[in-house]
Every structure is written in C-alpha cells, then in structure tokens.
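The values are calculated or read from the model by the stated rules, or taken from the named source; none is laboratory data. Computed from a predicted model, the values in this text were never measured in an experiment. Don't worry about glycine lacking a Cβ; one is built from the backbone with ideal geometry, like all the others, and counts go over all protein chains shown. To get the accessible areas, we keep the full protein, side chains included, count just its heavy atoms, and leave off ligands, DNA and RNA. Shrake-Rupley method; radii C 1.70, N 1.55, O 1.52, S 1.80 Å.
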Amino acid sequence: MIKKGVAVSGLVLGSLLSTHALAQTEGAEYYNDRYCMTCHGADGMGSEGIRGPRLAGMEPWYIKRQLENFRAGVRGTHEMDVPGTEMRPMAVPLTDASITDLLEWIGGWEYKPTEITLTNGDAAAGQPLYGTCAACHGAEAQGNEALGAPALAGQNDWYLFAQLKNFKAGYRGTHAEDTYGAQMVPMAATLADDTAILNVVSYINTLGR
Amino acid sequence: MTNPVSRREFMNLLGATFGTGALIRVGSALGMLPAVAALTRPVLAAPAPGAGTAVILGAGISGLTAAWELAKAGYDVTVLESSNRAGGRVMTLRSGDVVDEIGNRQVCEWDNEPHMYFNAGAARIPSTHRNLLSYCKELGVDLEVFINESKTALIQDDAMLDGKPIRNAEVSTNVRGFLGELFAKSFTTAQLDQPFTESEAETIMGLIRQFGSLDREMNYKGSNRAGYVSGGFIDHGVQKEIIEFKHLMKSRLISQTLSANEGETGPLLMQPVGGMDRIIAGFTRALGDRVKYKTPVMSVMVKEAGVEVAYLQDGVPQTITADYCFNCIPAHFMAGIEHNLPGDYMQAMKYIRRGEAIKGAFQARERFWEKEEIYGGISWTSAPIRQLWYPSHGIHKEKGVILAAYDFGNGGEFTRLSQAERVEWLLKGGEKLHSNYRQMVEKPITIAWHRMNHMLGCSARWGRSGGGMTMEEEGLYHTLQAPALGRHYMIGDQISFHGAWQESAILSAHWALADMDQRVRSAA
Ligand SMILES: Cc1cc2nc3c(=O)[nH]c(=O)nc-3n(C[C@H](O)[C@H](O)[C@H](O)COP(=O)(O)OP(=O)(O)OC[C@H]3O[C@@H](n4cnc5c(N)ncnc54)[C@H](O)[C@@H]3O)c2cc1C
C-alpha cells in the first residue's frame, strides 16, 4: 500500500490529538487511493446503483489509459456525462505511482460472470450491427490491445449502452486529445437510435465470457 | 349567506393558512391535541438454542440500534462497518477530523475546543422522536436545546426590498398582521355564530387579533413585535415601520420563514452536548469490540442454515455466518455487492434513487452574529447556500463554527464544483446576509453527501411522482422491508416513509427486530 507513510505522519496524528470519543476507534493507516470499490462494487464487479462499471477483468492498459484521460480532463469533463464527471475528481489527485498501485490491486480481482440487465433487446438484429465493432474489438468482443480496443464481452450491459450513447451524442470522444475515443464517435453514429444500441449490446451479451 | 364553516373546516382552513402551529394552538384552545408517536423499543425473547448469532452490516444508527437490542437479549452480535468510523450520516467534525469525500479529501483545522464542532449530517432532534430520545437517556447522552428559529436572524432575497436583509421578526410580524386583518374581515362574528357558541367565537376573534397583533378595530397598524428602531426601555421606543405585504410577497422565503419552525423542526428541538456523534459513541461504547471498522462487506449469501457474509479485514477476505442479518448498507451499493437476494428485492433496491444533500461550514474568527443580536437560529437567503446556522452552543465564547450552506435534496451543482469554487460560492452567499462575512470566516469545510465515501447519497428517494409513494412504490417498499428467507432484513431510514431522520432509521430497526422476534417466539 503506497502513501501509507504520508497518512501516518499527517492525518493519524491529527485524530490522535483530538480528544473526542471516536478517536480511539480511528485506526492507523487511513488514506490511500484505493477508493475504487465504493463505486465499482466489491472486487470491481460493477455497481449499477452508482453507474460504476466493472473493473474486474478489464485490461490494465485500458484502465491506465482511462485513468490518465480522466486525470488530464480528456474524459469526464462533459457536463452531460454525469458519472464521468463523478469519476474525474477521483483521478485528478492520482500520481503515476498510485496508478501503478491501483492496476496491481485491480489486477488481483477475480472476474465473475456479469449479470444481464438488458433483456428487451433483439440480439439477432444486433448481430449485423456488431460487424462494425468487430473490426477493432474482435469477433468475440474479446478486445485487441494492438488497436487499443478493450474487451466488451463481460462488461456491464448498462455501461456499454450508456457509453455508446455518450459517443453518439458527443459527450465522450470529442476532446481533442482523446484519439481513441475519437475513433468511436463515427462508429457510434452508425447506430441509428437507442433501439439499435440496445440490440447491439444485446448481441454482445450473447458472446459471454 | 355563505355556507357556515364547521369547526373542523375552520381548523383545516387555519392550518392551511398559518401552518400546523396555528392548528395546534387553536386545537388546544378548543381542547383537542394531536397524538405523539409511539415508543416501540422491542423486548426481545432470548435467542432459540443454536440460533443466537446476528451480523449487522453497516454501523449506521439503525444497525447500531439492532446490534444493541440484540446484544441485550443475549445474541452474539458482530457489526461490520466499511469506514474507519461508525455513524454513517451522523457525523460530527472537529479539529483533525477527515472529511472522506471521494476526490476531495479535507482535514478539519478548527481550534481544538469542545464547542468548536459541526454536525455535518444529522443536527436536530425533535421532541417527538421518542425512540431516539430514549436511547440518549439510556446511553447517557447529555442533551441541550437546539435553537432553530431566532427572531433576530435575517431573511434576504434579491427579489425583495432591493436585496436588503431584514429581521425574521419583521417578516413574521408583518405577514401575520396582513393575514390577521384579512382573516378578521372575512370571518365576521355573525358567520362564526353559526357553528360556534358566542364565547367560542369570541375566543377565535381574540386569537386572530393576537395572531396578527391587530388593534381593537381589527386593523394592523404595525407592532412592536417587529422590534424597535431605537429606545423602548428607559425612553420612548420608536417602532419599526410596517413593511407592506406587497413587498414581502416578492420572496418565496416568506413562507419558508413561517413554516421552517413548524412540525418536526418546530420547537423544541434538541442536540447532544458536544456533537450528534455522542449518540453513536454511546452505542459503540456499549457494544465494545462487537463493532469492527474498515471491514467492507463484499458478499451476502442467505442460505437455509444461515446468512454467510464475506468481508475484508486489512485487505484479507474473511467470512462470518450468522442466524440473522440486519443490513443498513445504502441500497444503491447492493448491486455492487455479491449476493443471492431474491430478484424482486433487487428490483426494489434498484428503484430507489440516490438523494443529494450538501452542507458547508466555517470557523468564525469571532462570533460576529452576536454583535448583530443573533444568538442562534437560521438566516435565510435566496442565494444557493439557502441558509446560515448560528451555533446554539458556545454563546459568548471567542469563536464558533457557523453552518455556511445547507441544501437538503439538492446541491448537485455544488457537488460538481472544485473545493476552491465551493468556498467562493459559500462566501458569496454569506455576504448577502453579513457584509463583513468574508473577513470573519476561515477554514472552510464542505460536505457533499452524494460524494462521501461509503455513503454516496442522502437520503433514499422512493417517490418519483413528486407527492408521496404511489401504490407500486409502496409495493416495492414492502418487498424490501420483508425479510429474505426469514433471515436477512434491510434496515435504515431507506426502509421508511420518512427518510433523513434518525428516528426513522431506529424505527426501521425496531420493525425488523419485532418481526424476527415474532418468528423466534412462534417457532419456540
Ligand atoms: C445533511 C443531513 C442532515 C440531516 N439532518 C438530520 C437531523 O437534523 N435529524 C435527524 O434525526 N436526522 C437527520 N439526518 C438523517 C440521519 O442522519 C439519517 O437518517 C440516519 O443517520 C441514517 O441512519 P442509517 O441507519 O439509515 O444508516 P447510514 O447513516 O446510512 O449508515 C450506513 C452505514 O453503512 C456503511 N456501509 C456502506 N457500505 C458498506 C459496506 N460495503 N460494508 C459495511 N458497511 C458499509 C456506511 O459506512 C455507514 O456507516 C440528516 C442527514 C443528512 C445527510
């Protein structure tokens, strides 16, 4: 756990000095950057109530890129992307070292099959639409590091749905420095409407993981 | 002749016009008073042999209540709390404390003195919250009066009187004068004769006159209730001029000023001496090492033989199995925790939305409000900070902690600001009420409950229709209130019709305990 030393010198001293009754219960080593589970769920399984997507099983290179994007304001600054704007302040204080620490921590989480929440889509209608996606994300939606495309199979369906909508509406991928996100914008534009998005995500749901 | 007004209709009309306070006052004049909520402290049977363990998820006040009642009945209890502190939304800040907001961690740097604290969540205890009060008594928590309304506090609205702040007493006196006059004119004694006896009608006209501070002809000509401009003690007092209703009615804060001190936030309110978390400390003292901190729950599996809960301790996975489980973890987190709870349960949880609430506070270099004859209570403003609270405690000490903003149920905009922007927002609002505010305050703290670690919201929002719960919503509520497999209970103010009160959280725990107890007794 990094940053342990910092916490012990600053904060814990503060709480030891305060005289109130709760002080005794405040343990040592309080602060680090390992906040992820509050929003992303136990062992990063994803948390629909907070709109925090699954991190367990997500590629470390992809998480790193997104954390850096959030930190730099390349992602999470569009006001319509509310969960993104909630993520950004979390990433801003991260150092490169704490990002490395987080990747190691997240890497230890076991992937468990994702719950399917979107049940009213037409996967068969989504299959041909997925053709566009397959070029980068792979026929099985397994992802392709060389192209910088993360796996989609096994991700929370409600998150995929929300991100496709974000790309289509320009809430994500429109920042000048978001080179990978920029590639997604025209792709999402090929999906005519919410129904098309729902169908393609329903197809991704059939690919399992 | 218009239809005569029955006693009940007249009471309702009074209530609608002047708020419940007037209703109660007339009610008592006529010998009728509303009932008080029941005390529901459960008396639990001793556990059945081999079924005496309970695990409590979350050390919110509902979880602590369940834990304490079960412990007293002889259950072997473990409380798992993810934070380093108990209390959840009962949080008091003092020198050195941390505000564990995600992405905006703050350390409180106020002077380290007993009166220099801030109740960042729950702050007020109504007289009618009997169950909470009974725990204060049992746990030895000293209480003092909380001052919600001060007649010398200020009301300021950019839309009224060119934004000039006026005193609470000027608002209430002039509004009551206007309404009293209106009332006296529309209800002549002749009309009142019908449903009332002559002496009752007289009582009512007298009440109206008193209410509005009217003269003998039932006209409002101003009143010394609004305060004097000068004098009044050993020389002639100069009464303040009437502020005409047409000016006052420009501000939405006028009804706020009148209603803010009625109902649950009406007098008499209380607070624990030294901070609201004294109640939490009372529970944790009583429970001792049954409460485990920094032990986030990772999974909840309800099985035939018991409830199996996985959690982390120092980052190491642990499991505990218990006969009963009481869970006050905010429902919006449960989708992110592994579980096997029934589908309709989850459907109900997913329906609840996260609420928003924000507060801000400053250390005041001096108690500048006391120089303006303010010794507690609330000033209201049309600025987005909405209110300033002057502490009820520490009167005449050098410094104090002032509540710099409080918006319950809103505040999303504030939540999205950086700390520096939030502080500027607080200062701009406070300056509307006190021109020297910026010079007087320091060491800001901001609380966005929507972003607080382990909480991410306040308070659970059930209703989406604007009014109360719809039939469907009530159905979902009852689904979630009922135990899963007779072993797992959701509790907390989220399982109540009346969110954001500690009393509701306690009552939800009592409901669950009583339900469990009934099962235990009927199986015996
Ligand atoms: C701004 C504000 C003002 C308020 N004003 C008043 C007032 O004046 N008077 C009044 O009576 N009430 C007031 N309330 C409401 C009162 O604070 C709440 O109703 C009450 O504290 C809720 O208690 P609870 O038992 O539901 O649990 P909560 O306080 O919601 O506690 C939930 C607990 O679960 C823990 N937890 C979360 N995730 C996990 C996990 N994975 N594992 C283990 N534990 C976990 C949390 O850390 C927390 O301790 C106010 C609240 C707010 C926010």
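With each pseudo-label sitting 7 Å past Cα toward Cβ, what's the B:Glu200-A:Asp122 distance in nm, one decimal?
Here the modelled spin labels are 7.0 nm apart.
Determine the relative contact order of chain B: mean sequence separation of Cα pairs under 8 Å and six or more apart, normalised by residue count, in whole percent.
Values: 1007 pairs, mean separation 106.6, N = 524.
Relative contact order of chain B: 20 percent.
For chain B, with every protein chain kept in place, what is the accessible area per residue (1.4 Å probe, Å²)?
Details: 22160 Å² over 524 residues.
Result: 42 Å² of accessible area for each residue.
Determine the per residue accessible area of chain A with all protein chains present and a 1.4 angstrom probe, expressed in square angstrom. If you can, show how the numbers build up before the last one.
Details: 9630 Å² over 209 residues.
In whole numbers, chain A has 46 Å² accessible per residue.
Of all accessible surface on the protein assembly as shown at a 1.4 Å probe, what whole percent is carbon and sulfur? If you can, show how the numbers build up before the last one.
Working: 17330 of 31790 Å².
It is 54 percent, rounded to a whole number.
For the protein assembly as shown, give the share of DSSP beta bridges that are antiparallel, in percent and rounded to the nearest 5; count only bridges with both residues there.
Working: 51 of 69 bridges.
Percentage antiparallel, nearest 5: 75.
So which trypsin sites (Lys or Arg not before Pro) in the range B:251-344 end up in coil per DSSP with only 15 or fewer other C-beta atoms within 10 Å? Spell out each step's value before the answer.
Details: sites: B:Arg252, B:Arg278, B:Arg285, B:Arg290, B:Lys292, B:Lys294, B:Lys303; in loops: B:Arg252, B:Lys294.
Qualifying residues, ordered by number: B:Arg252.
May I ask you to evaluate 6.51 cos²θ - 1.76 cosθ + 1.60, the Karplus curve with θ = phi - 60°, for each residue of the range B:40-54 and list the ³J(HN,Hα) values in order in whole Hz, giving x for glycine and proline?
After applying 6.51 cos²θ - 1.76 cosθ + 1.60, I find 10, 3, x, 10, 7, 5, 4, x, 5, x, x, 9, x, 10, 9 Hz.
Which Cα, out of B:Ala331, B:Leu480, B:Ile166, lies furthest along the positive dipole direction of the protein assembly as shown (beta carbon charges, K/R +1, D/E -1)?
Value computed over the given set: B:Ile166.
Taking the DSSP beta bridges in chain B as the whole, what percent of them are antiparallel, to the nearest 5? Working shown, then result.
Values: 49 of 67 bridges.
Looking only at bridges with both residues in chain B, the antiparallel portion is about 75 percent.
Two-decimal Rg/Rh of the protein assembly as shown from alpha-carbon positions, Kirkwood Rh? Write out the running numbers ahead of the final one.
On the way: Rg = 28.9 Å, Rh = 28.6 Å.
Rounded to two decimals, Rg/Rh equals 1.01.
By its C-alpha gyration tensor, with a ≥ b ≥ c as the square roots of the eigenvalues, how is the range A:123-207 shaped: rounded for a/c under 1.5, else prolate for a/b larger than b/c, else oblate?
Working: a/c = 1.75, a/b = 1.21, b/c = 1.45.
Because a/c hits 1.5 or more and a/b fails to exceed b/c, the range A:123-207 counts as oblate.
Would you pull out the residues with amide H under 5 Å of B:Gly377's amide H, same chain only if 5 or more places away, H placed 1.01 Å from N?
B:Ile147, B:Tyr390
Measuring from centroid to centroid over Cα atoms, what is the spacing of the range B:446-469 and the range B:62-88 in Å?
Between the Cα centre of the range B:446-469 and that of the range B:62-88, the gap is 23 Å.
Run the numbers on the range B:265-310: which residues show a drop of 20 Å² or more in accessible area, chain on its own versus all protein chains together, using a 1.4 Å probe over heavy atoms?
B:Asp277, B:Arg278, B:Ala281, B:Tyr293, B:Lys294, B:Met298
Would you please give the FRET efficiency between B:Arg519 and B:Glu472, computed as 1/(1 + (r/R0)^6) with r the Cβ-Cβ distance and R0 = 22 Å, to the nearest 0.05? Walk me through the numbers on the way to the answer.
Numbers: r = 28 Å, r/R0 = 1.26.
Between B:Arg519 and B:Glu472 the formula returns 0.20.
Run through every distinct alpha carbon pair of chain B and return the Kirkwood hydrodynamic radius in angstroms, one decimal place.
25.4 Å
Average partner chain C-beta neighbours within 10 Å, per residue of B:330-342?
Working: counts 2, 1, 5, 9, 4, 12, 16, 7, 5, 1, 0, 0, 0.
Per-residue shielding by partner chains comes out at 5.
When a/c is below 1.5 the answer is rounded, else prolate if a/b is larger than b/c, else oblate, so apply that to the range B:117-204 with a ≥ b ≥ c taken from the square roots of the Cα gyration tensor eigenvalues.
Numbers: a/c = 4.27, a/b = 1.43, b/c = 2.98.
Here the range B:117-204 falls in the oblate category.
Which angle from 0 to 90°, rounded to the nearest 10, does the C-alpha axis of helix A:194-207 make with the longest principal axis of chain A?
Orientation of helix A:194-207: about 80 degrees from the principal axis.
For the pair B:Glu421 and B:Glu138, what calculated FRET efficiency results from E = 1/(1 + (r/R0)^6), where r is the Cβ-Cβ distance and R0 = 45 Å, to the nearest 0.05?
Values: r = 44 Å, r/R0 = 0.98.
Efficiency, rounded to the nearest 0.05: 0.50.
Please list the non-local residues whose amide H lies under 5 Å from the amide H of A:Gly52, H modeled 1.01 Å from N, same-chain partners needing a gap of 5 or more.
Residues meeting the criterion, in which the H sits 1.01 Å from N, are A:Ser47.
Could I have the simple spin-label model distance between A:Thr77 and B:Ile395, label points 7 Å from Cα toward Cβ, reported in nm to one decimal?
Here the modelled spin labels are 5.2 nm apart.
At a probe of 1.4 Å, how much accessible area disappears from chains B and A on forming the pair, both sides counted, to the nearest 100 Å²?
Numbers: alone 23690 and 11150 Å², together 31790 Å².
Accessible area lost upon association: around 3000 Å².
Which loop trypsin sites (Lys or Arg not before Pro) in the range B:193-229, with loop taken from DSSP, have no more than 15 other Cβ atoms within 10 angstrom of their Cβ? Working shown, then result.
Working: sites: B:Arg209, B:Arg216, B:Lys221, B:Arg225; in loops: B:Arg216, B:Lys221.
Sparse-neighbourhood loop trypsin sites (Lys or Arg not before Pro): B:Arg216, B:Lys221.
So, in Å, what gap is there between the alpha-carbon centers of the range A:154-209 and the range B:119-168?
49 Å
May I ask for the longest run of chain B untouched by GluC sites (Glu not before Pro) that are loop-located per DSSP and have at most 15 neighbouring C-beta atoms (other than their own) within 10 Å?
Numbers: sites that count: B:Glu109, B:Glu217, B:Glu241, B:Glu244, B:Glu304, B:Glu366, B:Glu373, B:Glu398.
It works out to B:399-524.
Roughly what angle does helix A:82-91 make with the longest principal axis of chain A, taking Cα atoms, 0 to 90 degrees, to the nearest 10?
Tilt relative to chain A: about 40 degrees.
To test your reading of the geometry: what angle, between 0 and 90 degrees and rounded to tens, separates the Cα axis of helix B:471-481 from the longest principal axis of chain B?
The two axes meet at around 50 degrees.
Mind checking the mean number of beta-carbon atoms from other chains within 10 Å of the Cβ atoms in A:35-46?
On the way: counts 6, 0, 7, 12, 6, 1, 7, 13, 8, 1, 6, 2.
Going residue by residue through A:35-46 and averaging, the value is 6.
Would you work out which of B:Gly315, B:Ile279, B:Thr53 lies farthest towards the positive end of the dipole of the protein assembly as shown, given +1 charges on the beta-carbon of Lys and Arg and -1 on that of Asp and Glu, about the Cα centre?
Final value for the positive-end residue is B:Ile279.
What is the distance, in nm, between label points placed 7 Å from the Cα along the Cα-to-Cβ direction at B:Arg438 and at B:Asn112?
Going by the 7 Å Cα→Cβ label model, 3.3 nm.
If each residue of separation counts as 0.36 nm, what is the full-extension length gain between B:Glu413 and B:Leu182 once their alpha-carbon separation is subtracted?
Working: separation 231, 0.36 × 231 = 83.16 nm, distance 4.06 nm.
Taking B:Glu413 through B:Leu182 to full extension adds about 79.1 nm, to one decimal.
Which value, in debye to the nearest 20, gives the size of the charge dipole of the range B:367-524 about its Cα centre, when Lys and Arg are +1 and Asp and Glu are -1 at the Cβ?
340 debye
Which whole number gives the average, over all residues in A:114-121, of C-beta atoms from other chains lying within 10 Å of the residue C-beta?
Working: counts 0, 2, 0, 3, 0, 0, 0, 0.
If you average over the peptide's residues, the count of other-chain Cβ atoms is 1.
Quick one: grab the alpha carbon gyration tensor of chain A, order the square roots of its eigenvalues as a ≥ b ≥ c, and give me rounded if a/c is under 1.5, else prolate or oblate depending on whether a/b is larger than b/c. Mind dumping the intermediate values first?
Details: a/c = 2.33, a/b = 2.04, b/c = 1.15.
Prolate, because a/c is 1.5 or more and a/b exceeds b/c.
Per residue of the range B:495-501, what does 6.51 cos²θ - 1.76 cosθ + 1.60 with θ = phi - 60° give for ³J(HN,Hα)? Whole Hz please, x for Gly and Pro, Karplus curve as stated.
Calculated HN-Hα couplings, in order: 9, 8, 7, 9, x, 6, 9 Hz.
Treating only the Cβ atoms of Lys and Arg (+1) and Asp and Glu (-1) as charged, compute the dipole magnitude of chain B about its Cα centre; round to the nearest 20 debye.
Values: 53 positive and 57 negative charges, 48 e Å.
Approximately 240 debye in magnitude.
Take the Cβ-Cβ distance between B:Tyr228 and B:Val273 as r, set R0 to 30 Å, and report the resulting FRET efficiency rounded to the nearest 0.05.
On the way: r = 35 Å, r/R0 = 1.15.
E(calc), rounded to 0.05, equals 0.30.
In whole percent, what relative contact order does the range A:123-207 give with Cα contacts below 8 Å and a gap of six or more residues?
Working: 108 pairs, mean separation 35.1, N = 85.
Contact order relative to length: 41 percent.
About the Cα centre, and with charges only on the beta carbon of Lys, Arg (+1) and Asp, Glu (-1), how big is the dipole of chain A? Nearest 20 debye, please.
On the way: 15 positive and 23 negative charges, 36 e Å.
Dipole magnitude for chain A comes out near 180 debye.
Looking at A:Ala125, A:His137, A:Gly181, which one has the Cα that reaches farthest to the positive end of the dipole of the range A:123-207 (charges on Cβ: Lys, Arg +1; Asp, Glu -1)?
Most positive-ward Cα: A:Ala125.
Given the DSSP H assignment, sum -39500 (n - 2.57) over each helix run of at least 4 residues in the protein assembly as shown and divide by its residue total; what's the result at 222 nm in deg cm²/dmol, nearest 500?
On the way: 26 runs with 272 residues, N = 733.
Mean residue ellipticity, 222 nm, calculated: -11000 deg cm²/dmol.
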